[in-house]
Structures are given as C-alpha cells and as structure tokens.
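The values are calculated or read from the model by the stated rules, or taken from the named source; none is laboratory data. From a predicted model like this one, the values you see are computed outputs, not experimental measurements. Here Cβ is always computed from backbone atoms with ideal geometry, including for glycine, and neighbour counts include all displayed protein chains.
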C-alpha cells in the first residue's frame, strides 16, 4: 500500500502537521499534486497538497482514509517549491497551509472554447469532401473555410458565415470535421497591440553595468546585485538586456514592480522587445485570470512574468533571473495576510534553490540594501548620470514664508506661476500629494471637537465629490453634520488638503486646464490605472494629480514640471523610517520631470525646509542622506543594526488584550537572561482601534535574528499554556515595513 504525505490547505496552527492518506489503485497520485481528502470527524472534503509518498507509516492503518480525488492530473508544486514552503514556514513563523496557498493559486475551472478542423484520421475524407462541395449548401460554406487545414473556433465560423450549429454538427457526424477544445486564457495581455522596438545604443555606464551583470549571471556563486541608478539613468534597458541573455540560455525571468499603476507601462516596454513571451499578473485580476497566467508559466508558454510581489511565486522551473524594480518599496512586504513574507527575501531563497541571479534596482535604495552592498553582501552597480544628461532644477519652497505673505493657498506663488507657464508652453505637469480626499479632517471651531469614526480611533476624511465623511480604515461613511455633535455649534470647518482638494483648486485657478486625478478613489474599477495613465501619455490632460502611485517608475516625455505639495506628510508619522520614506518619495516624484529632451523643474513645498531628508532629496545626494541616516540608525540601535520583532494582539475586548500582553511582558522579563533583549511595551498601536477591533503591541529588539525569533516564540508558547488565546488574534512581524 502506498501512502501520501499530505498537508491540509487550512492555515490553522492546530492542524499544521502532516497527515497520511492511502492512495487508491485508480488514482495516479504524485508528489506535488493538489488532492481532495476526507478530513475531520465529518470527513469533510478538503483540499490538500501531497509533499511525499511512502510505503510505510507509523499511523494505525485502520484509521487511515483514502484520498478522494486529484484536483489536476499534474503536480502543481515542484520539489524545490516544497522546499521553499518549508523555509517560509520557519522564516515567517506561519503554517504550511498558508505557504502553499501563497505559492499555488486558487483552483478554478479552466475556460475552454470549441474549435473544429478537418478529420485527418478519416481515410475516406476526400470522397466525403467532394460530395459536400457539389451542392451549394451551408455545409459547403463551412467546409470551404476549413479546407486549408486550420483549426478555427466554432464561434468565429458562426459569426463569419451567419450560421448556427447545425451545418457544423452535420459535418462532424459525417466524419469530415472533428471538434476539439482549446483552453482560453483569461487576463492575457494582447502583445499584438504593442509595436515592437529596437534596442537603443547603450551609454558607457549602462554597458559597464551590463558587463558586470553578465558576469553575475554566468557565475556559479550568485551574490545579489544592487543597481543604484538615478532616475532616468536607463535601469530598465539594463534589465531588458539581462533578460535577453537569460532567455538566450533557455531560461526564464521574473520582473517585480511595486505598484499596479506601473505594471502596464512596464509590460509594454518588455513586450516591445519580447513579444508574446511576456505575461502579467496582479491583484486586480480575477482568480481565473491569475490561475490562467500561472498555467501559462507552468506550461512554458511564456518566459517572462511581470507583476507585484506575488509574481515571485511564478512556477518557472528553469528560472534564470529575478529583477526587483524600485526595490526600496514597502509593498514588496506582505504585512497583513499570512504568511507575512518579503518578496526580496523570497527572491534570494529562490536564487539559492535555482541558481538564478537576483537584481535589485532603485534610484533610492533602501538603507538595508545599500548597507548590505557596503558590507559586500551585495554586488553594487552605480548609474550616476541620466541617459539625456539633464537633471531637473529643484527648488525648495518654504511655506512658512508664504503664510507670512498672507498666501494661505495650497499653492505657493512660485508653483502657481510655473504651472501657468507650463500650460502656455503646452507641457505637462504632475502634482503629488500623498493623501486622498478633499479635507483630512473636519472640526468644530468653537469647541475643537474632531469628527472621528466610531469604529476606529481615526478622524474622518471629507470627500467633496460625494459630500460625505469617510473612514479610510473601515470604510464607514456618514453625512456631513450641520452642527457639532458635541456642543451644537454651527461652526463646522474643513482642515487639511487631499488630492481631491488639489484638483478643485487647480480647476479654479486654471479653468482652461484638463486635469486627471489618480488615487484610490479614482482607480477602484478594473483597468482604471491603465486608462488614466494612457490618457495622460496621449496628452489628453495637462495636469496629473496623484498619491504615491504616480511617484515612481512612470515615464512621460512631455512632463517638465513636478510639484510636491506637502513634503512634510511622511515626516510626521512616528516611524523611525520616516526620514528614509520622505527622501525616497520626494526623490522619486522629482525624477518624473525632464526625462526627455526638455529641461525639468521641481518645486518642493514644505514647512521643514531644513530637514536633512528634504535637503538631500533636493540636491539629489543619496550618499549624503545615507551617511546621515545610517549614523542616526546606529546611534538609536535601529535596523539594520538590530532586529525588531513586533507582537501585535487584536480583539474586541480591550481589557483582555491589555491583561494578556501584560502577562506576556512578565514572561519576557522572566526569561530575558543577561538582558539580551530590549522590550518596549505593552502599548496601544499607532491606530489603536480599527473596525471595532482594538490593537495593542509589544516590540522586542535584538541583533541576532534567530535568537529574537526563538525567544519571542518561546515566550508566546509559555503564554498559550497559561491563557486562552482563542479570542485573540496574534500577529508576528519581524522588522515590519512600517510602525503599526
């Protein structure tokens, strides 16, 4: 008797272990297959993954159940991907089920369409064809379309000839035609719509970078490679040439981008060179569309996959290179759903498993990546010059002086004049504000009461388009009150500004301008990102207003002016990374200006003009910023000089949360021998309640990653033996991408 070693596809820790199921003689079960098994006392049909097959088991044979069925007639996960799942389980302290659901897409029914072609197996087909062609019938018309031997969809024939199924079915019955079924891929990018392009001439810097990159691709010991290239330096062309080399070796490539808004433009650049070899996946695709792109990769019908972090799990088994563009972005880390993985770490593990090259690129690398490059853990390539050798002129505007001049507008006089001149010159402008909505909060001027969401401890944002107050965390929306709920005053006023207000102000100041806005409110519909960016690229708008989704990676030749409306926003979020995030955002959005032949200009509006993050961003001085920021991190003992392990507990009863975390704090104190670990908390999270769920946390610091992980998990295990944690959700985060 053969037994399958099965992992149940349920991400619950209580069933996170292997189960043995007998393999019936009528099922051809292999390692890596997705199967349906009877699970639990009720034998509920449950999905699982076969991670091994054995002749022996320690389990009582009389209790072993049979596998019910297989989901596919092939293995959906390779041995190396099983090894990846094992590594992820330990690295991200999660369950096997969660890892497998992350690596393998949700099973959906494949979508097929019917085709017909000549039945070459019919020895008498020529005689039958002659008989049909003698008469002027619908069967003759159908047959004439198929005489060249093509396989044609039934729906096309019916539309072309304006016929129903009857003549087609009659020809099938006579043995002249044979019906086949071809899989129809959903969400497939139409490469035929993109004009193929020729490779440009490389600059000396690009050629030198490519030479070094080729040597990494060809080497056996593949160290990750960091490309630090200023905006407009031609990093994408270097990526493309590297992929060309990999494809010439018969291997495959994955390209990761941080934002869905970048996917379309990036895809078009790669399709222009690689054609139908390219596919795309992202979160806006349906389950069926994502499953089909995964299937195309598994079948080797494509060799380049482009998408956000989940694309790193593309089932290429001859993987040659993984490219992570804008590698500094926090979106490469999954901090909400389990497993809480980092796509950059997954890429490095895949490099170890497959021997593929890993390339990280950015104009503003994360401090941790650049630190690794300085220590020699990463290879470093620098592209210091733009392809067009023209950097934008950057001006810092002190908004305190604007107020002193009695200018209370969201626009400084300088930026307002620059927008007017840009419109006169038929040039395009980008205005960046990393906050959506019209007003950021609504308050009573008499008593100071701020309209706050009942479900969350955050203020409502006013959206003028729908004339309602909305919570950006739980989604609750209410009417705008006419009087203060606290004191009854009518002195209700809107404060702060979001992208919607910027749009209204632009239309008031420049009524002749055509304006597009790109934020979460305008991009909810499928393909809305693509539509907005394509319209702007075609010149259908003069001004594009948006949040961080327009801040990086986009290339519009006619954009010569960029306005950063409030550079201070990301400085005041209470996160030790606030300086790094501010430098990156300001630098990236500034890089959208002057990318073609015309000179670009950038205005950075701020109330903190002397802040080093803003000052270095205006100077385009990454190394100056890095040196000052890394000294600050070292002095404060923040990553990359230490690790921070965050334990977040959430639940509906705040008292129980606080009591439980206090117990955990006492356990941590008791087992913190030699004071190796530094504990902070318990404290409420930055946003301590979302959708009526309270959030409290403890964070622990330690230089050694393995020791801090083992310590925290050991303490949590001790806690679980003292306290019932069933009503509490425990989230574990190692060096989270932002402070909660």
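The number of residues in the stretch 465-499 that are touching a residue at least 40 places away in the same chain (Cβ under 8 Å), under 16 Å from residue 452 (Cα atoms) and more than 27 Å from the chain's Cα centre (by Cα) comes to 8. Among residues that are in contact with a strand residue (DSSP E or B) (Cβ under 7 Å, 6 or more places away or on another chain) and closer than 17 Å to residue 590 by Cα, residue 381 is not included.
When the stretch 97-118 is limited to residues that are more than 22 Å from the chain's Cα centre (by Cα) and surrounded by 17 or more Cβ atoms within 10 Å (Cβ to Cβ), the one that is modelled with the lowest pLDDT turns out to be 115. Between 278, 267, the distinction of being in contact (Cβ under 8 Å) with a residue 60 or more places away in the chain, buried (at least 21 other Cβ atoms within 10 Å of the Cβ) and within 22 Å of residue 329 (Cα to Cα) belongs to 267 only.
The residues on offer are 601, 582, and the sole one that is at pLDDT 85 or above, closer than 30 Å to residue 402 by Cα and in contact with a strand residue (DSSP E or B) (Cβ under 6 Å, 6 or more places away or on another chain) is 601. When we screen 618, 593 for residues that are in a helix (DSSP H, G or I), in contact (Cβ under 8 Å) with a residue 40 or more places away in the chain and within 20 Å of residue 417 (Cβ to Cβ), the only hit is 618.
Within the stretch 17-26, count every residue that is at pLDDT below 90 and in contact with a strand residue (DSSP E or B) (Cβ under 6 Å, 6 or more places away or on another chain).
First pass over the stretch 17-26, keeping only residues at pLDDT below 90: 17-18, 25-26.
Within this subset, residues satisfying the condition of being in contact with a strand residue (DSSP E or B) (Cβ under 6 Å, 6 or more places away or on another chain) are 18.
Final tally of qualifying residues: 1.
The listed residues are 607, 671, 612, and the only one of them that is more than 28 Å from residue 366 (Cβ to Cβ) and surrounded by fewer than 18 Cβ atoms within 10 Å (Cβ to Cβ) turns out to be 671.
Yes/no per residue for (1) under 28 Å from the mean Cα position of the chain (by Cα); (2) at pLDDT below 85; (3) within 17 Å of residue 515 (Cβ to Cβ):
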residue: 423; (1), (2), (3): no, no, yes
residue: 430; (1), (2), (3): yes, no, yes
residue: 436; (1), (2), (3): yes, yes, yes
residue: 458; (1), (2), (3): yes, yes, no
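Selection of the stretch 640-668 for residues being closer than 16 Å to residue 735 by Cβ and surrounded by fewer than 16 Cβ atoms within 10 Å (Cβ to Cβ) yields only 641.
Output the strands (runs of 3 or more DSSP E) that fall wholly within the stretch 311-409 and possess 1 or more residues being within 24 Å of the chain's Cα centre (by Cα) and in contact (Cβ under 8 Å) with a residue 24 or more places away in the chain, or say none. Give the derivation first.
Numbers: elements: 319-325, 357-362, 379-383, 393-398.
It comes to 319-325, 357-362.
If you go through the stretch 427-450 and pick out every residue that is surrounded by fewer than 20 Cβ atoms within 10 Å (Cβ to Cβ) and assigned to a loop (DSSP other than H, G, I, E, B), you end up with 7.
Residues in the stretch 143-155 that are in contact with a helix residue (DSSP H, G or I) (Cβ under 9 Å, 6 or more places away or on another chain), exposed (fewer than 14 other Cβ atoms within 10 Å of the Cβ) and part of a helix (DSSP H, G or I): 144 alone.
For the stretch 462-511, filtering for residues that are in a strand (DSSP E or B) and either exposed (fewer than 15 other Cβ atoms within 10 Å of the Cβ) or modelled with pLDDT of 85 or more (or both) leaves 8. Hey, does the stretch 345-363 have a residue that's buried (at least 17 other Cβ atoms within 10 Å of the Cβ) and farther than 30 Å from residue 297 by Cα? Yes, the stretch 345-363 contains at least one residue that is buried (at least 17 other Cβ atoms within 10 Å of the Cβ) and farther than 30 Å from residue 297 by Cα.
Which members of the stretch 162-186 meet the condition of being part of a loop (DSSP other than H, G, I, E, B) and either touching a strand residue (DSSP E or B) at 6+ places or on another chain (Cβ under 8 Å) or modelled with pLDDT of 75 or more (or both)? Steps first, answer last, please.
Looking only at the stretch 162-186, we keep the residues that are part of a loop (DSSP other than H, G, I, E, B), and these are 162-165, 174-176, 184-186.
The answer is 162, 163, 164, 165, 174, 175, 176, 184.
Does the stretch 504-517 include one or more residues that are within 19 Å of residue 442 (Cα to Cα) and not assigned by TED's automatic domain parsing to the domain that holds residue 694?
The initial filter retains those residues of the stretch 504-517 that are within 19 Å of residue 442 (Cα to Cα), namely 504-505.
In the following step, the residues that additionally are not assigned by TED's automatic domain parsing to the domain that holds residue 694 were identified as 504-505.
Within the stretch 504-517 (the criterion being within 19 Å of residue 442 (Cα to Cα) and not assigned by TED's automatic domain parsing to the domain that holds residue 694), the answer is yes, since at least one residue qualifies.
Given the criteria at pLDDT 90 or above, in contact with a strand residue (DSSP E or B) (Cβ under 6 Å, 6 or more places away or on another chain) and within 26 Å of residue 87 (Cβ to Cβ), does residue 707 qualify? Judged against the criteria, residue 707 is not a match.
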